[in-house]
Amino acid sequence: MPLVPLSLIALDGPSGVGKSTAARRVAQQLDWQYLDTGAMYRATALALHRANVAFADREGLKRVLASLRIEQRGTRSFLNGEDVSEAIRTPEVTQLVTPVSADARVREVLVEQQRAIGASGGWVVDGRDIGTVVFPNPCCKIFLTASAEARAQRRFLEMQTKGSTLTFDEILTDQQRRDHADSTRAVAPLKKAEDAVALDSTSMTLDQVVAWIVEHHRRHG
Ligand code: DC
């Protein structure tokens, strides 16, 4: 049966490419809503960590997943009613989320929630598998890339404004770890959907990326 076309923008790409900032701004311009699926995986990693549940503990994992209530209101993320926007961005959660997001049982639960949210249309959704797995339906799909150095450099500058002492090399090494894990995992690896258009933002500003996506959507939406 052919999949129903959706009024949705699926924005996939590697870590640090600026997907969330671009997606949020595109959503504002179109008067659409924005769904940050990475935040959902991060909130799940935090919930498992807090419940002290290991993957080997099948029952524990099932219990945490069954009680998981993740919401996004504006720019804030909530886990079972608690604002966890800062807690999900710590280096610890950034490490923990890699194995959590590679787990098929976790993905099954979160993908179902993402589909339920996006089915109404009018969403900009960013992640790694949005155009390939979550919404294989015909819709506006963009695979955003930038060179590893450009991504690490942007992250380095952003972290410096937050008072971080991490070096450029440390940031690049961590990014390489995440790129490798995301693109080689067995379940829903990071890859461009066949019907997605690739946008290399290495030498583009954020404003240019946002304008490009809005224009692409208007022409081919
Ligand atoms: O985009 P981010 O760094 O906030 O994502 C957090 C983690 O979740 C990262 O390890 C990739 C993973 N992720 C995923 O596997 N699938 C998605 N749709 C979104 C994020």
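The values are calculated or read from the model by the stated rules, or taken from the named source; none is laboratory data. Because the structure is a prediction, the values reported are computed rather than measured. Positions of Cβ are generated from backbone atoms using ideal geometry, with glycine treated the same way; all protein chains shown enter the neighbour counts.
Key figures
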| quantity | calculated |
| --- | --- |
| Condition check for Thr90: more than 15 Å from the chain's Cα centre (by Cα), hydroxyl-bearing (Ser, Thr, Tyr), modelled with pLDDT under 95 and over 26 Å from His220 (Cβ atoms) | yes |
| Qualifying residues in region 177-221 (those that are touching a helix residue (DSSP H, G or I) at 6+ places or on another chain (Cβ under 9 Å) and among the polar types (S, T, N, Q)) - the one nearest to Ser20 (Cα to Cα) | Ser201 |
| Residue list for region 112-163, filter: within 13 Å of the ligand (Cβ to nearest atom), closer than 19 Å to His220 by Cα and in a loop (DSSP other than H, G, I, E, B) | Phe135 |
| Test result for Leu96, more than 10 Å from the ligand (Cβ to nearest atom), more than 19 Å from Thr21 (Cα to Cα) and either in a helix (DSSP H, G or I) or out of contact with any strand residue (DSSP E or B) (no Cβ under 8 Å at 6 or more places or on another chain) (or both) | no |
| Every pair of residues 6+ apart whose Cβ atoms lie under 6 Å, when the first sits in region 125-139 and is among the aliphatic types (A, V, I, L, M) while the second is assigned to a loop (DSSP other than H, G, I, E, B) | Val133/Ala188 |
| Test: residue in region 19-36 that is without any contact (Cβ under 8 Å) to a residue 12 or more places away in the chain, more than 10 Å from the ligand (Cβ to nearest atom) and on the phi > 0 side of the Ramachandran plot | yes |
| Residue count for region 56-91, restricted to those that are exposed (fewer than 12 other Cβ atoms within 10 Å of the Cβ), in contact (Cβ under 8 Å) with a residue 24 or more places away in the chain and either of a type outside the set (Ser, Thr, Tyr) or over 16 Å from Thr37 (Cα atoms) (or both) | 0 |
| Enumeration of residues in region 7-17 that are surrounded by fewer than 24 Cβ atoms within 10 Å (Cβ to Cβ) and within 16 Å of the ligand (Cβ to nearest atom) | Pro14, Ser15, Gly16 |
